[in-house]
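A short write-up of the structure that comes next.
Rule-based calculations on the coordinates, nothing more; no lab input. Keep in mind that this is a model prediction, so the values were computed, not measured. Counting neighbours? That spans all protein chains shown, and the Cβs are built from the backbone with ideal geometry, glycine included.
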Amino acid sequence: MTNFYRDNSDLKFHLDNPLMKRIVELKERNYKIDEKEYYGKDKLAPNEYKPCHFEDAVDSYDQVLEIVGDITGEIIAPNAEGVDLEGARLENNRVHYAAGTVENLNALKQARLMGVTQPRKYGGLNFPTTVYSMMVEMVSRGDASLMNLFGLQDIGETVREFADDETKAKYIPRFASGEATGAMILTEPDAGSDLQAVQLKAHYEESTGLWRLNGVKRFITNGNAELSLVLARTEEGTKDGRGLSMLLYERDDTVQIRRIENKMGIHGSPTCEMVFKNSPAILIGKRKFGLIKYVMSLMNGARLGVSGQAIGIAEAAYREALKYAQEREQFGKIINQFAPVFEILTDMKTKISALRTLYYETARFVDIYKTLEEIEHERALTPEEKNELKQFKRRADFYTPLIKGLSSEACNRIAYDAIQIHGGTGFTKDFPVERLYRDARITSIYEGTTQLQVIAAIKGVTSGLFGEMMDEYTSRKISYDLEFMLKELKVMKKEYESAIEYVESFKDQEYTDFHARRLVEMTGNIIMGHLLLLDAERDQRFKVTTEVFIKKAKAENTDRLLVIKEIEPDFLNNYKELTKI
Amino acid sequence: MAFRIIVLAKQVPDTRNVKEDAMKSDGTVNRAALPAIYNPEDLNALEQALQIKDRMGDAEIIILTMGPPRAADIIRESMYRDADKGYLITDRRFAGADTLATSYVISKAVEKIGNYDLIISGRQAIDGDTAQVGPQTAEKLNIPQITYAEEVVSVEKGKIKIKRRLERGVEVIETALPALVTVHGSAAPCRPKNAKLFMKYKHAKTPTELQTLDDDYINQSVKNKLYLNIEELSVDDLDCEAEKIGLAGSPTKVKKIDSVVLQGKDAKIINDSDTEVKDLMKELITNHTLG
């Protein structure tokens, strides 16, 4: 029996994080939720499965994660190869999933895992995002492409955040039961990274009270979904993001799926090109808030999901590499006894631990602010709560692009290295690493490229939020035997400060943009170092991991500082010159 | 009236993951060293029951298991997958039962539950591998039995059609209900546990378990919620004859236990000509492998 939860004790460790107490208390409204109304279809009423106290809730998370561990290890992972080979396909305007994908979704549906974070009154489990994020990681470790369908729970989440009560009661139970899958329909041929350029038109039809959609969308994951959120231009004559609104479209015959992309990886996830012809839709939330508010929220959820996907792929790749290196003999020794091999393996492992701790820290931040936002709809928040909401939202907005950028890039590197460990056999289709390598590639592209994540994260770096986090982390108690690492981190911070001071001294935006990624990566290393150190404080087994990570990260940061100091603003001209047409 | 299905399920030591300490020096199973699991073919049986419930809508699934107090896990695990309730037959006086004594006790419990349409169980348990308890129970209850079931083709009140998996093919047969069906491992695997049902039933307890529970919240909620009570059945509840239960009711006597170590040798490959096959047969008969 392979269980992806029980065989990875890091997950349980993060489930036991001290901040969980506050999260569950908020999520369960002090364990006083009494849901009389129920909109779901299950025979279970909300009150029948609510937790009675903190320990009860965490025990449920733990055991439900074990169920997910079982499904991912026993059903999803064994199906992955078949799903990759068969892929999703388009026939007569209908998308068909691979047989393995159908089986996977069915198991997840039967286990009631398609509305993990939704309130119980809508048929969900009312679990924190942190727990859901663990599921995303496990699902991705089993089959990265399935995460694109499992992770679409964010669509229902966005409906819950912004739709009116009637819409919520009507649609969320369908998401939560798994009866309806979702899609977020944003991208167009000429509006990719720049969503302000979205052109798909929506006009209001007085006679029916519905909106009508007309236009083309492209690169839509699961475009065949039953329920989709569409970003469309409702304000005629506008050209920017302020003319865009969010609409809910239910699948019918008015949309033609013109083709699905023939992709390098994640074959199980259909990527659709869609033509809308007078397709009916209803408005979600307020007009003109589509891009500036709702998509930003939706996108942040999706970015966290892709981070989990990247970490899941990295975990799978690392395990494959480790297994191979422990079995393969050359020159009379198993190959993981050779320094060049064990260096790679150890770097993979420490990198994954570092990313994972940042990933779950981010998820916890999201939990606190989103749940407080939810509570704000029910009652007025106290001044302390308002402050807490604001603080954690800022933190989540900083960490989300940070982890998305860092984890997706690292995941590509780890998949690359996993093939390297395998040598020639890794280049064949006989081992799963080549699939992992192909699946990994998209993570640093979709939901915003790494370059865009850097732009989003640099705000946190320059706004003083990074310093605030540093103060917070250094104020926590560290045991005497770990203090030497805290000192190292302080040196890294000094070095980083000199880097940013140097860059900012030129007051040149293009120059700042040029080095932004280096700056963001430097902060990422310092933050992950601190988080790992706090993990080591809670559990000694992270001590060596932290030591190894900090050693490498410190050297990497020094490297980046050197590049920054070597390449001054004037030198950018050489860069432009060489690639001019 | 709801269609009532009784599923016979057993908690067994996980003999599929046998390590060195799995056997005691006297040749009996060292239960402490092996994790206790849901007998695999009983899970196939539960899935068949659940599919009938899905199809019919108005059906009730009752789990019946026999074992030590910790076998209540089997009932909870079934409830997490949508079984409705369960009975644990537990009493020190049942200890040492072979298949005859076991099927006697089970048939008594089935009679006590009463009013059933179908009894369904796994073909055999991985600890004893006898495949006797199901058929013996059917005989004692004097109802038809269908063994080696792979699929319930159709079912309605009073009638069931079953596809059987046999050595050289399949067979579809129909019988009147009530009947007992034993399910083969080639049947559909059991569905995963349902997260919501897990949370609903995780505090379900037997009276024995409640005695050692010190969480007031949970104690209280079990008392308030009828569905969280797992009933225990003892010798007295079932009105069993003392000489038919436990060691006394078990004619099976173990004469001797041999530890057989199978040694893998090179395979012998022969061509598919009549002479070579004939020669092989001759060789096997001569060395007493056959005949």
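Couple of notes before you dig in:
- Euclidean distance between Cα centres, segment A:35-90 to segment A:255-286, Å: 26
- For A:G265, neighbours were defined as the other residues whose beta-carbon sits under 12 Å from its Cβ, and their charges (Lys and Arg +1, Asp and Glu -1) total -1.
- Rel. contact order, % - alpha carbon contacts under 8 angstrom, at least six apart, chain A: 12
- Mean separation of Cα pairs under 8 Å and 6 or more residues apart, divided by the residue count, gives segment A:289-444 a relative contact order of 36 percent.
- Rounded to the nearest 10 degrees, the angle from helix A:99-110 to the longest Cα principal axis of chain A is 80 degrees.
- Neighbouring partner chain Cβ atoms per residue of A:108-115, average, 10 Å criterion: 5
- Computed over chain B: relative contact order in percent, which uses C-alpha pairs under 8 Å that are six or more apart: 22
- In a fully extended conformation the segment linking A:D7 and A:I445 would gain 154.7 nm over its present Cα-Cα distance, using 0.36 nm per residue.
- On Cα atoms only, tilt of A:165-176 relative to the major axis of chain A in degrees: 60
- Segment B:3-244 - convex hull of alpha carbons, volume per residue in Å³: 143
- Under the combined filter of DSSP loop state and at most 10 neighbouring Cβ atoms within 10 Å, segment A:286-362 retains these chymotrypsin sites (Phe, Trp or Tyr not before Pro): A:F331.
- Segment A:311-352 and segment A:172-245 have Cα centres lying 45 Å from one another.
- Radius 13 Å from Cβ of A:P569, net charge of other residues (Lys, Arg +1; Asp, Glu -1): -4
- Separation in nanometres of the label points that stand 7 Å from Cα toward Cβ, at A:T254 and A:K490: 6.4
- Within 10 Å of the Cβ of each residue in B:196-206, the mean number of Cβ atoms contributed by other protein chains is 6.
- When A:I311, A:I368 are arranged by Cβ crowding within 10 Å, least crowded first, meaning fewest neighbours, the order is A:I368, A:I311.
- Peptides A:170-176, A:238-244, A:440-446 ordered by packing proxy, namely the average of other Cβ atoms within 10 Å per residue, highest first: A:170-176, A:440-446, A:238-244.
- Burial order of peptide ranges A:463-471, A:109-117, A:93-101, A:505-513 (average beta-carbon count within 10 Å, highest first): A:109-117, A:93-101, A:463-471, A:505-513
- With Cα atoms, 0 to 90° folded angle of helix A:383-422 axis to chain A main axis: 70
- Near B:L247, once Lys and Arg are set to +1 and Asp and Glu to -1 for all other residues with Cβ below 15 Å from its Cβ, the sum equals 0.
- Within 10 Å of each Cβ in A:60-67, the average number of Cβ atoms from other chains: 3
- Relative protection proxy for B:276-282, B:165-171, from highest mean packing down: B:276-282, B:165-171 (other beta-carbon atoms within 10 angstrom).
- Of the residues B:T90, B:A187, B:F198, the one whose Cα sits farthest towards the positive end of the charge dipole of chain B is B:F198 (charges of +1 on Lys and Arg Cβ, -1 on Asp and Glu Cβ, taken about the Cα centre).
- In this Cβ point-charge picture (+1 for Lys and Arg, -1 for Asp and Glu), chain A has a dipole of about 520 debye about its Cα centre.
- Given charges at Cβ of Lys, Arg, Asp, Glu: the protein assembly as shown dipole, positive-most of A:L15, B:I269, A:N262: A:N262
- Förster radius 30 Å - calculated FRET efficiency between A:E91 and A:K277, Cβ distance, rounded to 0.05: 0.90
- Calculated on the Cα set of the protein assembly as shown, radius of gyration then Dmax: 30.8, 100 Å.
- Placing unit charges on each Cβ (+1 for Lys and Arg, -1 for Asp and Glu) gives segment A:421-577 a dipole about its Cα centre, and among A:G524, A:L436, A:Y480 the Cα reaching farthest toward its positive end belongs to A:L436.
- Pairwise label distance in nanometres, B:D279 with A:T208, each label 7 Å out on the Cα-Cβ vector: 8.1
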